[in-house]
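First up is the structure itself, then whatever we jot down about it.
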Amino acid sequence: MASANKADYEEVPDVEERLIPFPEKDPRESYPEADEIQARLLGDLDSLIALPNPKVELPRIKAEQLAGAPTTWKGLVGVLKLPTQTFMASVIASALVIIWGSPIAQMLYPYLVCIAAFASSIPALTDRFTNQSDKAFEALDKADNTIDSQVDAVTFKVNFIVDSIQDLVKEVLAPIRPKLMKAQKAEAILRKFDDSIDIPDPDDIERELDGCGDAIAEKMEQVKRAVDFKKFIPLFLRSKKNFSMYLIYPVLVVFLALQLYGVYQTSQMKTTTDEATTGAAATESTRFLRGSVLDTDLDTMVEKARSYTTEEPSDSVSWYPFWVSLQVFLSAVTEILIGFIMSQAAAFAAVLNITIGRVENEANRALDSTGATEVFDEYLTTKMEVLRLKVLKLVKSMIRIDKVQEKMIDTASLDVSDLADSAKEKMAEAKKKQSLSFNKLPWSPFGKK
């Protein structure tokens, strides 16, 4: 037997599930010479021989397993509270910069307010990623433990199948054993009636699957040692420290770089606009100072020249700090939303399932490399086929033995009948002789003749 104690199976889920598929055709039709139990055994063996070798199948992680509490409007307001406060402070700072009027302050302000807005989004982003990562790490720990349990499940499945077949073999042999023992004792007599008769050994059939449990267990232990789950985990999911170093920090750096680049682009557009406006004013002033064919009045030309050289390049320059504050605030809000999308449970589940799939493939490759597949072929295909042929031979042998025994009984009955008839004839003849001998006497013992 593959396992001495079936009570051990109670710890394994889905024991009640039939692990041997039902044959497509009624085995009693395939094996009409067999009785019901024998046909069931032969049908199960046919199904097992056609069944592919078992594989390691790891359960996938569903997004629902990683999903936390849904984000409510109240929660969203709480997330945006700090960026909004930073925006209000930047609006006040914008007014102060405009009032101060320092060119250096106006040049540095956009970058400073950009960094402040980005810093206000960091807590929301890191909290979101950290919360999701905690669930991901829990799922990975379960998946790591699942590897051994799933490999053990394959071992259990094979052992359970073998044990079920061996139990069915015992059920088939139970009523046959007494007949075979009598046939073995009367083998010489049976051969007088059928010299080609073969009396099978039931123990030989039972021993066909011996050693399966130990062989399977040894190979599956090698499979477990060959599969290193952590080797297939992405670097950023191997520890919480790695998660921060290889995922959170790079994402934050990218977001900051994008914000600074946006501010730089806006600053460049402002500079280009200012230069274009100033250049146009200078050109117009020079044209008027030199004299225009359209404006010949000297006082008019002087007045226009003064206005071009003294007025501000554009009214939008005064509002530029406010525009930058709004821009970086919207960028910070957009980054938080992108971070929430990136950290969705479905995204983490997809990454984890890719990892689990790679581990599953590695485990099944280990089945081949450790020789476990060869053991499956030996016990679930080759030996099952040998066992099927032996059982089929046993069934046919028992039919022949039964026929020979019936012939012996019929012969014995005929012999007894012949002996009885012969005895009756001899008794009748003896009586007749006795009667003749009395008639020949000259006198009668009973008186006168």
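The values are calculated or read from the model by the stated rules, or taken from the named source; none is laboratory data. The structure displayed is predicted, hence computed values, not measured ones. Positions of Cβ are generated from backbone atoms using ideal geometry, with glycine treated the same way; all protein chains shown enter the neighbour counts. Keep in mind that these areas ignore ligands, DNA and RNA; they rest on the heavy atoms of the full protein, side chains included. Shrake-Rupley method; radii C 1.70, N 1.55, O 1.52, S 1.80 Å.
Miscellaneous remarks
- The tail of the calculated P(r) for region 54-208 beyond 28 Å holds 65 percent of all Cα-Cα pairs.
- Pairs of Lys in region 132-183 closer than 30 Å at Cα, counting only those 8 or more apart or on different chains: 4
- Pairwise label distance in nanometres, residue 28 with residue 105, each label 7 Å out on the Cα-Cβ vector: 10.1 nm
- Residue pairs, from the table 62/230; 219/393; 219/383; 192/396; 55/383, whose Cα atoms sit over 25 Å apart: 219/393
- Given a 1.4 Å probe and the protein chains as shown, residue 88 ends up with an accessible area of around 110 Å².
- Most to least packed among 236-247, 145-156, 193-204 [average Cβ atoms within 10 Å]: 145-156, 236-247, 193-204
- Of the solvent-accessible surface of region 153-262, computed with a 1.4 Å probe over protein heavy atoms with every protein chain present, carbon and sulfur atoms account for 58 percent.
- Estimated distance in nm for a label pair at residue 341 and residue 207, the labels positioned 7 Å out from Cα along Cα-to-Cβ: 7.1 nm
- By the compact-protein rule of thumb, 2.2 N^0.38 Å, the alpha-carbon radius of gyration of region 90-143 corresponds to a ratio of 1.96.
- Accessible area (Å², per residue) of region 160-266, counting only protein heavy atoms and a probe of 1.4 Å: 54 Å²
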